[in-house]
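Right, one structure below, let's go through it.
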Amino acid sequence: MDGPGLDKAVGKGWTTGHLPWQVGRRVLITGANSGIGYYTALELARKGAHVLLGCRDKARGEAALARLRGEVPEASAELALLDLASLASTRAFAEAELALELPLDLLINNAGVMAPKQRLETADGFELQFGTNVLGHFALTMLLMPALARAVGSPTQRPRVVTIASIAHKNGRLNFDDLQSTKKYSPMGAYQQSKLADLMFAFELRRRLGKAGPPAWGVMSVAAHPGVARTNLFVAGKFGPVERLARRGVGVLIAALLNSEAQGAMPTLFAATAPDVADGGYYGPQGFKEMRGGDVGVAQVAPQALDEAAAARLWTECERLTGTSLK
């Protein structure tokens, strides 16, 4: 079903040419060294935003920053070292960010891990996909809420948290008896669960911010998905040479038939900047089965993502596991 109470036609014909000027806005994008994250950072930098490229690997992050400055010489951008698979790293980054006492206008929860063949764990012992895609972003959002709240009342736009979900959420189920996949691990099943959790987090964040009172109530929570895009998710991880070659081939086909990385960034950019985005909205491409580009519009939401009781339970579990909460 469509996102509740949203206009399906919103975003029709929207391109990066419609992207509003972002001068004066500070933006943090996780997973910004490649793929959708990089192209999101690139277009926001073109429009004058000060972009923080959230990356866990310093060398790759520096290479991405150099590439961005090569494409946009006047870009205002910096590298933000941040490993979402480590709560200690996430806390250290947030503490340093808050110490600056600057507003954060836009947080884009983009980084992700997709379907490693074997069950892997984060530094804190969580299953890697749930720990990175869900818990890492939950903790980061909670810890940075004071900086986002400082941006409330901005003369340009309300501050936003944009969380990247996936059409894979439609086949996802939250297994509260085994969220960490210790009893049974399915690479794609764990990924689908994490993307369902991301979407439910975005919706629940909106509900809770609405009850939080000023200034946090002024922060928007929006979700987006890229359809099926050729990104580093298809080749990142430990694969043998044959499988890695096959995955690269799949990526080439996806880019040719579905979405390139730049096209995949369009729904994120729309959710992050468009004036007619609804608080609590969910946006994606409107091509074949929401898999490919074209117009951006309201995305389809699986019924299980609208289960408010399950979302509240998930929120409580994320608070317990990360030791963070909405303040």
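The values are calculated or read from the model by the stated rules, or taken from the named source; none is laboratory data. Quantities reported herein were computed from a predicted structural model and do not represent experimental measurements. Reconstructed Cβ throughout: ideal geometry from the backbone, glycine too, with neighbour counts over all protein chains shown. Accessible surface is based on the protein model in full, side chains and every heavy atom, while ligands, DNA and RNA are left aside. Shrake-Rupley method; radii C 1.70, N 1.55, O 1.52, S 1.80 Å.
First compute the accessible area of the chain with a 1.4 Å probe, then give the percent of it belonging to carbon and sulfur atoms.
Details: 7560 of 13510 Å².
Here carbon and sulfur together make up 56 percent of the probe-accessible area.
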Averaged per residue, the 1.4 Å probe accessible area of the chain, protein heavy atoms only, in Å², is roughly 41
The stretch 47-200: spread of alpha-carbon positions along the three principal axes, whole Å, largest first, is 49, 34, 29
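Using per-residue counts of other Cβ atoms within 10 Å, averaged over each peptide, order 13-21, 138-146 from highest down. If you can, show how the numbers build up before the last one.
On the way: 13-21: 13.3, 138-146: 22.8.
The packing order, highest mean first, is 138-146, 13-21.
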Filtered pair list for the chain (Lys only, Cα < 15 Å, 8 or more apart or interchain) has a length of 6
The value for the stretch 12-60 (convex hull of the alpha-carbon atoms, volume per residue, Å³) is 78
Magnitude of the Cβ-charge dipole (Lys and Arg +1, Asp and Glu -1) of the chain about the Cα centre, nearest 20 debye, reported as 460
Sorted by accessible surface (1.4 Å probe, heavy atoms of the protein chains only), largest first, LEU120, LEU199 come out as LEU120, LEU199
Rounded to the nearest 5, the percent of antiparallel DSSP beta bridges in the chain equals 15
For the stretch 32-135, the Debye formula with one identical point scatterer on each Cα and no solvent gives log10 I(q)/I(0) at q = 0.16, 0.22 Å⁻¹ as -0.74, -1.22
Dividing the alpha-carbon radius of gyration of the stretch 168-223 by 2.2 N^0.38 Å, where N counts its residues, gives 1.41
Note: THR182 to HIS18 extended length (0.36 nm per residue) minus current alpha-carbon separation gives 54.5 nm
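Once every DSSP H run of n ≥ 4 in the chain is given -39500 (n - 2.57) and the sum is divided by its residues, what mean residue ellipticity at 222 nm do you get, rounded to the nearest 500 deg cm²/dmol?
Working: 9 runs with 123 residues, N = 327.
Mean residue ellipticity, 222 nm, calculated: -12000 deg cm²/dmol.
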Once ARG160, ARG91 are ranked on solvent-accessible area with the largest value leading and a 1.4 Å probe, the list reads ARG91, ARG160
Per the Kirkwood formula over distinct C-alpha pairs, the hydrodynamic radius of the chain in angstrom is 19.5
